Structures are given as structure tokens and as C-alpha cells.
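> Got a structure for you, written out below as C-alpha cells; questions coming shortly.
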Amino acid sequence: MIVRLFFFATAVLIAGAGAWAYHHDQKLQHSALLVNLGDPNETVRQIMGDPSREAECGSLTLVPQSCADEYVYRFYYSLFRPRYEVVWFDKSGKVIGMQYVQKP
């Protein structure tokens, strides 16, 4: 009985994690459409949430020349082919570009 309960709980946790990841990715994809050029980084955080990581410009792709900071948002439902939404900011903290990135 305990073994069945363990496997059932494990299956529920895996299904829950998959459902959460799918919901997170759908929300991120929708939120990315709401970000506009010139938006301040506070607005981007309000719309898309906290980034998966803040990196120096060019951590994943080529960047605009005036880039000073980069937010990287990871899609969690794609384990084997990682996907990211990258947002670039200039020195004043305004959005100067975005790019969807999928690793091969």
C-alpha cells in the first residue's frame, strides 16, 4: 500500500510540475507581446515578472550596439530544446530590443 501511495504521489508531483511549467510558459509568451520599445526595466518586471537571470549583453545572442543590460526569461516546459525570451536595455534602463531564442 505504501509503495502505491509513493508512486501515486510521485505521478501527481510530476503532472503538477508539468502543468505549472506549461502555464508559466503560456503566461511568459503572452507577456512578451506586451513589452514595447522604450519601456523602463521596472515596467518589464511588472509585465513579465523577475527574469530567470540578469546577464551581461550577449550571453545568448548578438545584441544591439547600445546594450548595457540583458534580462533572460527561460521557458521551463522545453527541457530538451531550451527556449528563452531575451530583453535588452540601454544605459538609461529603457528597452532597446527583444528576441526569442531557441537552442538547437
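> With the requirement that a residue be at pLDDT below 90 and either among the acidic types (Asp, Glu) or more than 13 Å from the chain's Cα centre (by Cα) (or both), what does region 91-104 give you?
LYS103, PRO104
> Now for a separate question. Tell me, please, whether a residue that is surrounded by fewer than 16 Cβ atoms within 10 Å (Cβ to Cβ), closer than 13 Å to VAL95 by Cβ, touching a residue at least 24 places away in the same chain (Cβ under 8 Å) and not hydrophobic (A, V, I, L, M, F, W, C) can be found in region 48-64.
Step one: filter region 48-64 for residues surrounded by fewer than 16 Cβ atoms within 10 Å (Cβ to Cβ), giving 49-50, 52-56, 58-62, 64.
Add one more test, that the residue is closer than 13 Å to VAL95 by Cβ, and what stays is 64.
Then drop every residue that is not touching a residue at least 24 places away in the same chain (Cβ under 8 Å), which leaves 64.
The next check asks that each one be not hydrophobic (A, V, I, L, M, F, W, C); those that pass are 64.
Yes, region 48-64 contains a residue that is surrounded by fewer than 16 Cβ atoms within 10 Å (Cβ to Cβ), closer than 13 Å to VAL95 by Cβ, touching a residue at least 24 places away in the same chain (Cβ under 8 Å) and not hydrophobic (A, V, I, L, M, F, W, C).
> Let me ask something additional. Quick one: in region 69-90, of everything that is exposed (fewer than 15 other Cβ atoms within 10 Å of the Cβ) and either among the hydrophobic types (A, V, I, L, M, F, W, C) or closer than 18 Å to ARG45 by Cβ (or both), which residue is modelled with the highest pLDDT?
Among those residues, the one meeting the criterion is PHE80.
The values are calculated or read from the model by the stated rules, or taken from the named source; none is laboratory data. Keep in mind that what you see is a predicted model, and the values were worked out from it rather than measured. Neighbour counts are summed over all protein chains in view; Cβ atoms, including those assigned to glycine, are modelled from backbone coordinates with ideal geometry.
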